[in-house]
Amino acid sequence: MFPIHRPRRLRTNEVIRRMVRETSLSPDDFIYPLFVTFGKGVRKEVSAMPGCFQESADEAVRNAKEAHSLGIPSVLLFGIPEQKDERGTAAYDEGGVVQNAVKAIKDAIPDLYVITDVCMCEYTSHGHCGIIEAGDVANDATLELLAREALSHAKAGADMVAPSDMMDGRVEAIRLALDDEGFPNVPIMSYAAKYASAFYGPFREAAESTPQFGDRSSYQMDSANRREALKEVALDVEEGADIVMVKPALSYLDIISDVRENFDVPVAAYNVSGEYSLVKAAARLGWIDEERMMMEVLTSIKRAGADLILTYFAKDAAKVLNR
Ligand code: PBG
């Protein structure tokens, strides 16, 4: 009781604050997403995501090298193919954009850990995360395509695959396909609790993956649900997920915390495009201090329980941490 207890004693100067700080960030925590496309010498900035680009494989290699030199251990690849069709065939094409970029990056920087996003939405003409039957995304028919896509990424040399589609049973389908074809050591990071979110808006411009009809509410989670996230995570762990992800991060810190408390697998959180754009936009308007807000956002995600943070801020934050 006051005046015996004065919590301010441990806040008197930066040295003691550093000594009692409970959460610290490191570049090791970050996974840096890249948007890879076809062609050569392509580097097109995403308008709602300043500092993020659609890049051809050669440019992605340059970007990945920079991330690696800043101490970031890993990149996550999204693909923007030349052609899209109903069944997203470009997703599992051995000469596809992601498959080529994986090879180029692993050749140039063998010890950079390359993770690939496994989903159909960037490759289907309708923009949904699976194939369409009777006006809805067909769960079971999509599983085989996701497994083929994951396998083609592993064959190209991906270190890990990350399914983001939210079909039921996809972790098991991918695990079995990888094991059958000689990739038992390629881990799966599942987007286990992925919510239908307005925070993905800018990403859909970046990945050109906006659904052409309807929305993703029949497969991604309802943002009002908390207990359901534990069920989704439990199923993915049972099916063989090595790392589970919560997405988005910032409006879902309670979910990150719940998952951390209830499971012993590593937890990743995706600081998504809208969370990035909000900070960038307010900074451009001169309304906030971008660097402080970025570090506070990332620290809060780690404090909530995330071991790994997927973030477009990875390079900017690593520069701050390396100072
Ligand atoms: C694909 C996918 C999305 C994101 C990652 N993978 C978009 C979506 O589900 O519509 C969002 C990433 C971001 O907003 O940064 N399924």
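The values are calculated or read from the model by the stated rules, or taken from the named source; none is laboratory data. Computed from a predicted model, the values in this text were never measured in an experiment. All Cβ positions, even for glycine, are placed from backbone atoms using ideal geometry, and neighbour counts span all protein chains on display. These area figures cover heavy atoms from the full protein model, side chains too; ligands, DNA and RNA do not enter into them. Shrake-Rupley method; radii C 1.70, N 1.55, O 1.52, S 1.80 Å.
Observations
- Nonlocal amide H pairs with Ile309, under 5 Å, H built at 1.01 Å: Phe30, Ile31, Ala269
- Accessible area of Asp179 (1.4 Å probe, protein heavy atoms only, ligands and nucleic acids ignored): about 70 Å².
- Met189, Met293, reordered so the largest accessible area comes first (probe 1.4 Å): Met293, Met189
- With DNA, RNA and ligands ignored, accessible area of Leu10 (1.4 Å probe; Å², nearest 10): 90
- Between helix 253-262 and the chain there is an angle of about 80 degrees, using the helix long axis and the longest principal axis of the Cα atoms.
- Dividing the Cα radius of gyration of the chain by its Kirkwood radius returns 0.98 for Rg/Rh.
- Probe 1.4 Å, protein heavy atoms only - accessible area per residue of the chain in square angstrom: 45
- Taking a straight line from the alpha carbon of Lys280, these lysines sit under 27 Å away, with near neighbours fewer than eight places off in the same chain left out: Lys44, Lys65, Lys194, Lys247, Lys302, Lys315, Lys319.
- Share of carbon and sulfur in the accessible heavy-atom surface of the chain [1.4 Å probe, %]: 50
- Angle in degrees between helix 290-304 and the longest Cα principal axis of the chain, rounded to the nearest 10: 80
- Accessible area per residue was computed with a 1.4 Å probe on protein heavy atoms; Tyr113 scores about 80 Å².
- For the chain, the share of DSSP beta bridges that are antiparallel, to the nearest 5, is 15%.
- Listed residues Ser223, Asn271, Pro211: farthest to the positive end of the dipole of the chain (Cβ charges): Asn271
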